[in-house]
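Contents: one structure, followed by commentary.
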Amino acid sequence: MNSKFSDGFNALKKWLSGLGFKTGIIVAVVCVLCYIISFAQMALPFSVGVKSALWVIFFGLAKTAQYTAILILGKEGVKRVRRFFS
């Protein structure tokens, strides 16, 4: 059972790493937007339950997009982004 999960994850990782640099940047931008929404929605006049649910959803989406962007960009892509900002 564990082997099937590992094989599936490796196949997904290989497919994501085959995507282009621009796709990785777009996914990283989506990550930043989800982080902003997850915290900015706290200022809206919703109940605590709705705010909590929205935070969990958008924070989870942000984390998913973050790790997906890292898988797409890879080591060299992350270095390229860091060089751009320094």
With the chain as the region, which helices (runs of 4 or more DSSP H) entirely inside it contain at least 2 residues that are more than 18 Å from the chain's Cα centre (by Cα) and not polar (S, T, N, Q)? 2-17, 48-85
Hey, any hits in the stretch 26-43 for a residue that's without any contact (Cβ under 8 Å) to a residue 12 or more places away in the chain and closer than 20 Å to K14 by Cα? yes
Selection within the stretch 17-59 - hydroxyl-bearing (S, T, Y) and within 29 Å of K75 (Cβ to Cβ): S17, T23, Y35, S38
Report whether or not L12 is touching a Cys at 6+ places or on another chain (Cβ under 7 Å) and either among the polar types (S, T, N, Q) or open to solvent by 70 Å² or more (accessible area, probe 1.4 Å) (or both). no
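The values are calculated or read from the model by the stated rules, or taken from the named source; none is laboratory data. Predicted model, so just to flag it, every value in this text is computed and none were measured. Counting neighbours? That spans all protein chains shown, and the Cβs are built from the backbone with ideal geometry, glycine included. Note: areas computed on protein heavy atoms with side chains; ligands, DNA, RNA excluded. Shrake-Rupley method; radii C 1.70, N 1.55, O 1.52, S 1.80 Å.
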